[in-house]
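K.L.:
Below are the structure tokens for one structure; questions will follow.
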Amino acid sequence: MQESPDIVVWVEGLERRLAEDKIRFVVGAPGGYYSGVWSAWGNKNDYYLGARGALWSLRLSLHKSLICRLAFTDKQMALLKEQGLNAPPDRALVKWLRSPAPVEGAVHVVSVIFPTDHLRLPPPEDTSTLILRVNAAPPGKAIEFSFFFSREAGATLEAKLLRIGKPLVWTSLDNGETVSIVAREMEFDRTIIPSEERVGGEPAFL
């Protein structure tokens with residue numbers, strides 16, 4: 001499928017594929033800098049996402065059990081041990097509990113934020129896969145991708161999500177839940193980026 005200049009038409013074409021296919025997305029400015037490409041996908045009753053270049057080592061997982069994790073993969077843990085490096089006692093660097101998907105409305109589970117002033121990469125060169133490209137926000141601001149869980153029909157849920165931002169695509173899970181991705185422009189506070197001291201501590205359960 002070719003990229004359409006009309007993002008709404010392009011996204012509608014994507015929706016028919018999302019029950020089984022990964023969605024790949026990137027934020028950037030034509031002629032300027034880009035983020036890394038991210039992937040998101042459903043697998044049975046669970047949902048996964050992460051930076052495409054690091055999926056083999058680190059990813060976010062949103063589980064049917066309601067436990068959500070940012071965790072190293074088994075492969076990365078084995079590599080750390082092979083190299084004689086200190087591997088954390090728990091693969092999960094961060095854990096939190098999400099609320100159950102409601103029958104009406106949606107629950108916000110996680111967001112990925114792309115601050116324009118921190119974009120550093122060239123445009124993605126891979127043209128063999130479909131990548132959703134979202135224009136970067138103005139300097140000093142950011143694009144936020146929010147992930148919402150719901151059991152409400154898409155026809156009525158979309159109108160509610162429009163109050164937050166632009167609903168892009170959704171994925172149906174086997175248990176009847178749907179995961180919707182909503183993008184919006186937001187102000188960006190530089191202080192939310194963790195310092196080296198903050199990320200150097202023990203894994204946290206939030």
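The values are calculated or read from the model by the stated rules, or taken from the named source; none is laboratory data. Here the structure is a predicted model, which means the values were calculated and not measured. In this analysis, Cβ positions are derived from the backbone assuming ideal geometry, glycine residues included, and neighbour counts consider all displayed protein chains.
K.L.:
Taking the range 126-147 as the search range and keeping residues that are over 25 Å from Thr191 (Cα atoms) and under 18 Å from the mean Cα position of the chain (by Cα), which one is modelled with the lowest pLDDT?
P.N.:
Thr129
K.L.:
Inside the range 163-191, can you point out the residues that are over 27 Å from Asp46 (Cβ atoms) and either modelled with pLDDT of 90 or more or within 18 Å of the chain's Cα centre (by Cα) (or both)?
P.N.:
Arg163, Glu185, Met186, Glu187, Phe188
K.L.:
Then there's this: If you check every pair at least six apart or on different chains, which have Cβ atoms under 7 Å apart with a residue in the range 155-177 that is free of Cβ contacts under 8 Å to residues at least 24 places away in the same chain first and a residue that is surrounded by 14 or more Cβ atoms within 10 Å (Cβ to Cβ) and in a helix (DSSP H, G or I) second?
P.N.:
Every condition considered, the pairs that remain are Pro167/Glu158; Pro167/Leu161.
K.L.:
Across the range 148-162, what is the total count of residues that are small (Gly, Ala, Ser), surrounded by fewer than 21 Cβ atoms within 10 Å (Cβ to Cβ) and within 20 Å of the chain's Cα centre (by Cα)? Break it down stepwise before answering.
P.N.:
From the range 148-162, those small (Gly, Ala, Ser) are 150, 153-155, 159; that's our starting set.
Checking which are surrounded by fewer than 21 Cβ atoms within 10 Å (Cβ to Cβ) leaves us with 153-155, 159.
Now restrict to residues that are within 20 Å of the chain's Cα centre (by Cα): 154.
The qualifying residues number 1.
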